[in-house]
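Asks: Below is the structure I would like to discuss, written out as structure tokens.
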Amino acid sequence: MKNETPMILIVDDNPKNIQVAASIIQEKGYQMAFATNGKDALETVKSDDFDLILLDIMMPEMDGYSVCQQLKSNPDTSEIPVIFLTAKAEPESIVKGFEVGAVDYICKPFNTAELLARVNTHLDLKKARDNLKEMNSSKDKFVSIIAHDLKGAFNGLLGVTGLLEEHGDILDVEKVIKYSKDLNQTIQTTYKLFENLLEWARMQKQNIEYDPTNINVYTIVSSLIPLYRQKAEQKKITMTFSVPEKLIVFADTQMFQTILRNLVSNALKFTFENGCIHIKAEKKDKNIVISVSDTGRGIKKEHISRLFDIESKTKELGTAGETGTGLGLILCREFAEKNSGNIWVESKEGKGSCFFLSLPTKPI
């Protein structure tokens, strides 16, 4: 994961100039790296992810213009904003600087406040661009997932209803019951898909109502168990919970319930007959940690790191052939983060899984 503190590369053949710029930037707590010539600068950007480059123009062997052109021609570095920091103040030099791809041009000697203001502005702009790019990528991926899953769901619905329409009058009772169960399961899966789609879409558009309040964890968990009792009985799964009656989290009630519903639903899906599911909550420091553990099939080690990532969504059938969209955990992560919380999992293949949700007890 990329460090949240911006990383700035300062390139100048005069160490004193680097020292002056670095002393100013250091006050803001930014990370820095240095290069005294163009060749070293191009090598340095290969070793780290830079958020901004302050680049001198007049350097031996390779001037700043050439360095900037190479940076912009490389897909790996083309989006790093470059600010020329130079003594060349002629209008034609400034124009050339922008032509080769710089986002700004500051003439030496520079004003400290101006340098900081421009650095901060371009770091903010880059962060906004990166966030927008990530959001668009996630939306594209999400739409692709939805389209694929909806197509599969409706193909299933059309197949079963087509059989019943064409051969319903000659099918025996057992087959009618079987097709009805298949139909019901497909409808439930499709409904869950739509439910997650609507929640996720509202989240991305920031239209979802966010109303954090003090929530009694015991009340929520105890009211959740009856919702899944029938499904648990069908698979002969024992559901238990141990939650102190006075534990309080500060979160949005609907989001909190949505996270727990998804975690319990997943546990039921991947637990074998005669298995167990246990919900536990306890206070740890300034947070409440709720865990949902099961004795199911567990998760492959290589899949664990990708469970909450929309870019590498995985989807597996449940222990009784249950289908799903794989979107529930992605929604859980976004809701947890929205409530200043965290979600993670510990699992051993063949032994079971335990999902953890940490939420604050007070506003952050």
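A short reminder: the numbers here are calculations on the coordinates, not readings from a lab. These figures come from a predicted structure and were not determined experimentally. Methodologically, a virtual Cβ is constructed for each residue, glycine included, from the backbone with ideal geometry; neighbour enumeration extends over all protein chains shown.
Asks: I'd like the FRET efficiency for CYS276 and SER47, computed as 1/(1 + (r/R0)^6) with the beta carbon distance as r and R0 of 30 Å, rounded to 0.05.
Replies: Taking R0 as 30 Å, the efficiency between CYS276 and SER47 is 0.05.
Asks: While we're looking at this one, here's another question. Filter the cross-link list LYS181/LYS246; LYS235/LYS286; LYS269/LYS362; LYS231/LYS351; LYS28/LYS72 down to pairs whose alpha-carbon distance in this structure exceeds 30 Å.
Replies: LYS181/LYS246; LYS235/LYS286; LYS269/LYS362
Asks: Would you compute, for the Cα atoms of the range 1-145, the largest minus smallest coordinate along each principal axis and list the three values in descending order, in whole Å?
Replies: Principal axes ranked by extent give 53, 31, 28 Å for the Cα atoms.
Asks: Taking 0.36 nm per residue of sequence separation and subtracting the Cα-Cα distance, how much length would be gained by fully extending the chain between LYS300 and ASN120, in nm to one decimal?
Replies: 60.5 nm
Asks: How far is the Cα center of the range 242-281 from the Cα center of the range 36-64, in Å?
Replies: For the range 242-281 versus the range 36-64, the Cα centre distance is 52 Å.
Asks: I'd like to compare 225-237, 290-302, 241-253: which one has the highest average count of other Cβ atoms within 10 Å, and what's the full order after that?
Replies: Ranked from most to least packed, the peptides come out as 290-302, 241-253, 225-237.
Asks: Sticking with this structure for a sec: Note down the nm distance, to one decimal, between modelled labels 7 Å out along Cα→Cβ at ILE94 and at LYS108.
Replies: Spacing of the two 7 Å Cα→Cβ label points: 1.8 nm.
Asks: If you don't mind, another one. Neighbouring Cβ atoms within 10 Å as the yardstick, rank ILE10, ILE94, ILE170, ILE215 fewest first.
Replies: ILE170, ILE94, ILE215, ILE10
Asks: With the Cα gyration tensor of the range 209-364 in hand, convert its eigenvalues to equivalent ellipsoid semi-axes via √(5λ) and list them largest first in whole Å.
Replies: 24, 18, 13
Asks: Considering the dipole of the chain built from charges on the beta carbon (Lys and Arg +1, Asp and Glu -1) around the Cα centre, which of MET7, PHE335, ALA87 is farthest to its positive end?
Replies: Value: PHE335.
Asks: Right, next: State the label only: which of (i) 89, 54, 37; (ii) 73, 56, 40; (iii) 97, 88, 43 corresponds to Cα extents along the principal axes in Å computed from the shown model?
Replies: Step by step, Cα extents along the principal axes in Å for this structure corresponds to label (i).
Asks: Follow-up question, since we're still on this one. Work out how much length ILE248 to MET32 would gain on full extension: take 0.36 nm times their residue separation and subtract the Cα-Cα distance, in nm to one decimal.
Replies: That works out to 73.5 nm of additional length.
Asks: Any idea which of LEU307, GLY64, ASN274 is furthest toward the positive side of the dipole for the chain, if Lys and Arg beta-carbons carry +1 and Asp and Glu beta-carbons -1?
Replies: Highest projection toward the positive end goes to ASN274.
Asks: Hey, another quick one. Place a +1 charge on the Cβ of each Lys and Arg in the chain and a -1 charge on the Cβ of each Asp and Glu, then give the dipole magnitude about the Cα centre in debye, rounded to the nearest 20.
Replies: Here the chain has a charge dipole of around 1300 debye.
Asks: How many percent of DSSP beta bridges within the chain run antiparallel, rounded to 5?
Replies: 55 percent
Asks: Can you compute the FRET efficiency between ARG229 and LYS351 using 1/(1 + (r/R0)^6), with r the Cβ-Cβ distance and R0 = 25 Å? Round to the nearest 0.05.
Replies: 0.50
Asks: Please name whichever of TYR30, THR161, GLN19 sits farthest to the positive end of the charge dipole of the chain, dipole taken about the Cα centre and charges placed at Cβ: Lys and Arg +1, Asp and Glu -1.
Replies: THR161
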